[in-house]
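Remarks on the structure that follows.
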Amino acid sequence: MKTLLPTSTAGSLPKPAWLAEPEKLWSPWKLQGAELLDGKHDALRISLQEQQAAGIDIVSDGEQTRQHFVTTFIEHLSGVDFENRKTVRIRNRYDASVPTVVGPVERVKSVFVEDAKFLRQQTTQPIKWALPGPMTMIDTLYDDYYHSREKLAWEFAKILNQEAKELEAAGVDIIQFDEPAFNVFFDDVNDWGIACLERAIEGLKCETAVHICYGYGIQANTDWKKTLGSEWRQYEAVFPKLLQSNIDIISLECHNSHVPVELLELVRGKKVMVGAIDVASNSIETPEEVAATLRKALQYVDADKLYPCTNCGMAPLARDVARGKLNALRAGAAIVRAELAGK
Ligand SMILES: [Zn+2]
């Protein structure tokens with residue numbers, strides 16, 4: 001029997017302090033060589049155990065083997081020069097020093113497939129694997145070769161499709177593409193962003209998801225959110241076209257955000273991963289708060305299509321906070337599950 005309201009996370013979870021400096025993005029590794037490889041696997045096992053101990057239904061690697069959700073993928077490609085860095089404005093929001101595209105981009109070998117196989121060996125639960133989306137990838141680079149955002153995005157879509165097919169063969173049940181850029185570049189999203197995403201999932205038989213959020217709880221994002229006004233209607237610009245796409249699941253922000261919940265109506269018919277956990281706050285939600293968010297979402301999402309989730313990754317949070325939030329997610333989903341069963 002299929003679990004109703006299966007819980008999952010958007011992807012990343014905090015790393016242990018012996019592996020990387022905690023509560024920080026792009027935190028450098030503390031180990032090297034073979035020790036680093038071992039350390040990453042140990043951290044993946046711990047992250048999985050913490051999800052299992054919290055009762056999370058669809059588990060992930062907690063992104064323990066990657067330094068950053070976009071950069072680590074790009075590091076594995078040819079055509080990108082990591083020495084030759086340029087400062088660009090990411091998602092029109094903050095400046096970051098990023099690598100430069102200097103030639104044709106190609107995936108010379110698989111990126112996460114071995115890690116996915118390792119996770120698959122550890123559990124029989126459904127597993128979800130996150131990859132960066134094409135548009136978010138081009139936004140985290142300086143392009144000195146293609147001189148076209150769209151052209152580069154299509155190249156990345158091809159590469160992501162190769163990786164996704166191997167992840168599927170490794171036993172991944174849901175492949176998720178992280179596209180926070182979908183919340184910023186609306187015209188491009190509708191012109192070619194969603195088409196590129198569909199290129200990335202071409203031929204896949206496993207389920208596919210797109211995660212569109214307002215970012216990690218870091219200062220640059222918090223400042224940006226202050227400029228968005230009292231109602232965040234960004235989803236309105238891209239949901240109609242996403243509804244028509246082949247993507248199975250849409251992962252979005254809900255709890256504590258200023259997204260009007262009725263915007264979920266725009267994707268009725270799709271499965272929706274509803275963010276019921278705020279990743280930009282250290283205060284741990286009560287199960288009742290989680291349940292309240294899910295009940296609101298149920299007005300617009302059919303119960304069999306609702307997947308309780310976190311708003312975004314929890315990598316920058318303290319570990320005990322993240323654990324508390326996982327427990328709250330499970331407990332809140334359980335409340336609503338019981339209510340639905342009683343109907
Ligand atoms: Zn996110």
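The values are calculated or read from the model by the stated rules, or taken from the named source; none is laboratory data. Only a predicted model underlies this, so the values are computations on that prediction, with no experimental measurement involved. For neighbour counting, all protein chains shown are included, and Cβ atoms are generated from backbone atoms with ideal geometry for every residue, glycine included.
Select from segment 170-214 the residues that are within 14 Å of the ligand (Cβ to nearest atom) and in a strand (DSSP E or B) and list them in ascending order. Steps first, answer last, please.
Kept after step one, since they are within 14 Å of the ligand (Cβ to nearest atom), are these residues of segment 170-214: 176-184, 209-214.
Scanning segment 170-214 gives Gln176, Phe177, Asp178, Ala209, Val210, His211, Ile212.
Inspect segment 16-35 for any residue being within 16 Å of the ligand (Cβ to nearest atom), among the polar types (S, T, N, Q) and either farther than 21 Å from Gln176 by Cβ or touching a strand residue (DSSP E or B) at 6+ places or on another chain (Cβ under 9 Å) (or both) and give the result as yes or no.
No, segment 16-35 contains no residue that is within 16 Å of the ligand (Cβ to nearest atom), among the polar types (S, T, N, Q) and either farther than 21 Å from Gln176 by Cβ or touching a strand residue (DSSP E or B) at 6+ places or on another chain (Cβ under 9 Å) (or both).
When you check Lys165 against the structure, is it part of a helix (DSSP H, G or I), basic (Lys, Arg), buried (at least 18 other Cβ atoms within 10 Å of the Cβ) and away from the ligand (no atom under 16 Å from the Cβ), yes or no? Spell out the reasoning first.
On the way: part of a helix (DSSP H, G or I): yes; basic (Lys, Arg): yes; buried (at least 18 other Cβ atoms within 10 Å of the Cβ): yes; away from the ligand (no atom under 16 Å from the Cβ): yes.
Judged against the criteria, Lys165 is a match.
Output the residues belonging to segment 221-249 that are among the hydroxyl-bearing types (Ser, Thr, Tyr) and not in a loop (DSSP other than H, G, I, E, B).
If we filter segment 221-249 for residues that are among the hydroxyl-bearing types (Ser, Thr, Tyr), which is where we start, we get 222, 227, 230, 235, 245.
Within segment 221-249, Thr222, Tyr235 qualify.
Search segment 215-231 for residues being under 26 Å from Pro308 (Cα atoms) and touching a Phe, Trp or Tyr at 6+ places or on another chain (Cβ under 7 Å), and hand back the single one that is nearest to the ligand (Cβ to nearest atom).
Asn221
Show the residue pairs meeting these rules: Cβ distance below 7 Å; 6+ apart or different chains; first residue within segment 42-57 and touching a residue at least 60 places away in the same chain (Cβ under 8 Å) and closer than 14 Å to Gln121 by Cα; second residue crowded, with 21+ Cβ neighbours inside 10 Å and β-branched (Val, Ile, Thr).
That search, which allows pairs on different chains as well, returns Leu44/Thr65; Leu48/Val59.
Being in contact with an Asp or Glu (Cβ under 7 Å, 6 or more places away or on another chain), of a type in the set (S, T, N, Q) and within 21 Å of Cys312 (Cβ to Cβ), is that true of even one residue in segment 55-63?
Looking only at segment 55-63, we keep the residues that are in contact with an Asp or Glu (Cβ under 7 Å, 6 or more places away or on another chain), and these are 61.
Restricting the remaining residues to those that are of a type in the set (S, T, N, Q) gives none.
No: segment 55-63 contains no residue that is in contact with an Asp or Glu (Cβ under 7 Å, 6 or more places away or on another chain), of a type in the set (S, T, N, Q) and within 21 Å of Cys312 (Cβ to Cβ).
Could you please give the count of residues in segment 268-325 that are over 15 Å from the mean Cα position of the chain (by Cα), of a type in the set (S, T, N, Q) and within 16 Å of the ligand (Cβ to nearest atom)?
1
Just to be sure, is Ser97 touching a Ser or Thr at 6+ places or on another chain (Cβ under 6 Å) and either free of Cβ contacts under 8 Å to residues at least 24 places away in the same chain or of a type in the set (S, T, N, Q) (or both)? Can you show your working first?
Details: touching a Ser or Thr at 6+ places or on another chain (Cβ under 6 Å): yes; either free of Cβ contacts under 8 Å to residues at least 24 places away in the same chain or of a type in the set (S, T, N, Q) (or both): yes.
Yes, satisfied.
This table checks each residue for (1) within 26 Å of Glu179 (Cβ to Cβ); (2) part of a loop (DSSP other than H, G, I, E, B).
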| residue | (1), (2) |
| --- | --- |
| Asn282 | no, yes |
| Tyr300 | yes, yes |
| Gly313 | yes, yes |
| Lys325 | yes, no |
| Arg330 | no, no |
| Ala333 | yes, no |
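Every residue in segment 112-133 that is in contact with a strand residue (DSSP E or B) (Cβ under 8 Å, 6 or more places away or on another chain) and of a type outside the set (Phe, Trp, Tyr), please.
Ala116, Leu119, Arg120, Thr123, Gln125, Pro126, Ile127, Lys128, Ala130, Leu131, Pro132, Gly133
Is segment 60-80 home to any residue that is of a type in the set (Phe, Trp, Tyr), part of a strand (DSSP E or B) and either touching a residue at least 40 places away in the same chain (Cβ under 8 Å) or closer than 30 Å to Leu152 by Cβ (or both)? Give the steps one after another, and end with the answer.
Start the filter on segment 60-80 by keeping residues that are of a type in the set (Phe, Trp, Tyr), which leaves 69, 73.
Checking which are part of a strand (DSSP E or B) leaves us with none.
No: zero hits.
So if I check each of Ala10, Ala43, Ala34, Ala20, which one is modelled with pLDDT of 90 or more, farther than 30 Å from Leu306 by Cα and crowded, with 20+ Cβ neighbours inside 10 Å?
Values: Ala10 fails: farther than 30 Å from Leu306 by Cα; Ala43 fails: farther than 30 Å from Leu306 by Cα; Ala34 fails: crowded, with 20+ Cβ neighbours inside 10 Å.
Selected residue: Ala20, the only one of Ala10, Ala43, Ala34, Ala20 that is modelled with pLDDT of 90 or more, farther than 30 Å from Leu306 by Cα and crowded, with 20+ Cβ neighbours inside 10 Å.
May I ask you to list the residues in segment 94-137 that are farther than 24 Å from Gly217 by Cβ and either assigned to a helix (DSSP H, G or I) or in contact with a Cys (Cβ under 8 Å, 6 or more places away or on another chain) (or both)?
Step one: filter segment 94-137 for residues farther than 24 Å from Gly217 by Cβ, giving 99-127, 134.
Passing the criteria: Val113, Glu114, Asp115, Ala116, Lys117, Phe118, Leu119, Arg120, Gln121, Gln122, Pro134.
Of all residues in segment 222-260, which are β-branched (Val, Ile, Thr) and over 20 Å from the mean Cα position of the chain (by Cα)? So that I can check it myself, show each step before the final result.
If we filter segment 222-260 for residues that are β-branched (Val, Ile, Thr), which is where we start, we get 222, 227, 238, 247, 249-250, 259.
Hit for segment 222-260 is Thr227, nothing else.
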